[in-house]
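**Q** I'd like to ask you about the structure that follows.
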Amino acid sequence: MPLVTWIKAGTSTTALVLAMAGTASAAPVAQQPTGQAAVVTLRYDDSRAAGWEAAIAAGVASWNASVTNVRLVEAAPGGGAEIMIVATSGWPQATLGPVRPGRQVRVELGSQAVNDGYDKTRIAAHELGHSLGLPDTKPGPCSQLMSGSSAGTACTNAAPNATERSRVQSNYASALAATVVTDSRTLVVDAP
């Protein structure tokens, strides 16, 4: 086959593969310059989490400052979201991820934990950690975000440690991981 025909065929195949990859995900995946991993964008909806907005914003900021290949952004009003956040009267709980674009998990920010003295921002960041694929590490020290309530009410650390950051980075290590369809149904309840 002449080189020009081969290049045209390769270009058509590449375009087809890219078009198919684009339809596998409901949310766009931002592409980075060659040599860097793609950033997976996950949208969250906190419209049903009244009273938790500041804690959610701080928890999101903590994760966005800690990992480079997944970015949490607030969903547009009425738009779709991968992470549905609601305020409840019970204990915090969340669906264990890692959530993928176009899929959905639920985070419940329970006021019972706040009433018992736990920090709202730590709760929000911890529950978002579950959405990103991190299980509890109970019992654990305050330096482990995923130690949750076992770190005690005096703990206000809302930042993931190096191991937690590394695990999330691994969960979202490639653009291919962003399009893998998973259906996680594990619910993690964070009562002491």
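**Q** Given a Förster distance of 41 angstrom, what is the FRET efficiency for SER174 paired with SER47, based on the Cβ-Cβ distance and rounded to 0.05? Write down the numbers at each step before the final one.
**A** Values: r = 31 Å, r/R0 = 0.77.
After rounding to 0.05, the efficiency reads 0.85.
**Q** Oh, and also: Tell me which of ALA54, PRO98, VAL114 sits at the most positive position along the dipole axis of the range 29-122, charges placed on C-beta atoms (Lys, Arg +1; Asp, Glu -1).
**A** Comparing the listed Cα positions along the dipole, PRO98 ranks first.
**Q** At 1.4 Å probe size, put TRP91, TRP52 in order of accessible surface, largest to smallest.
**A** On the way: TRP91 40, TRP52 10 Å².
Ranked list, largest accessible area first: TRP91, TRP52.
**Q** With +1 on each Lys and Arg Cβ and -1 on each Asp and Glu Cβ, how big is the dipole of the range 53-158 about its Cα centre, in debye rounded to the nearest 20?
**A** Details: 7 positive and 8 negative charges, 49 e Å.
Dipole about the Cα centre, nearest 20: 240 debye.
**Q** Let me ask something else about it. Give a residue-ordered list of calculated ³J(HN,Hα) values for the range 39-47 (Karplus: 6.51 cos²θ - 1.76 cosθ + 1.60, θ = phi - 60°; whole Hz; x for Gly, Pro).
**A** Here the 3J(HN,Hα) series is 9, 8, 9, 10, 9, 10, 10, 10, 5 Hz.
**Q** Dividing the Cα convex hull volume of the range 42-107 by residue count, how many Å³ per residue is that? Intermediate results must be reported in sequence, preceding the final value.
**A** Numbers: hull volume 5.9 nm³, N = 66.
Taking the convex hull of the Cα positions in the range 42-107, it is 90 Å³ per residue.
**Q** Taking Cα atoms of the range 87-144, Rg/Rh with Kirkwood Rh, to two decimals? Intermediate values should be presented prior to the final figure.
**A** On the way: Rg = 11.7 Å, Rh = 11.9 Å.
Dividing the radius of gyration by the Kirkwood radius yields 0.99.
**Q** Kindly report, to the nearest 10 Å², the accessible surface of ILE85 as traced by a 1.4 Å probe over protein heavy atoms only.
**A** 0
**Q** Enumerate the residues in the range 63-102 having an amide nitrogen under 16 Å from the point lying 7 Å beyond the Cα of ALA162 toward its Cβ.
**A** From the range 63-102, the list is 66-67.
**Q** May I ask you to give the solvent-accessible area per residue for the range 95-136, in square angstrom, as obtained with a 1.4 angstrom probe? Show your work: numbers first, answer last.
**A** Details: 1280 Å² over 42 residues.
Per-residue value: 31 Å².
**Q** Compute the distance in nm between two label points, each set 7 Å from the Cα along the Cα-to-Cβ direction, one at CYS142 and one at SER89.
**A** 3.2
**Q** What residue among VAL168, THR156, LEU132 has its Cα farthest toward the positive end of the dipole of the range 116-178, where the charges are +1 on Lys, Arg and -1 on Asp, Glu, each on the Cβ?
**A** VAL168
The values are calculated or read from the model by the stated rules, or taken from the named source; none is laboratory data. The structure displayed is predicted, hence computed values, not measured ones. Every residue, glycine among them, receives a Cβ derived from its backbone with ideal geometry; neighbour counts consider all protein chains shown. In case anyone asks, the SASA skips ligands and DNA or RNA and just uses the protein heavy atoms, side chains included. Shrake-Rupley method; radii C 1.70, N 1.55, O 1.52, S 1.80 Å.
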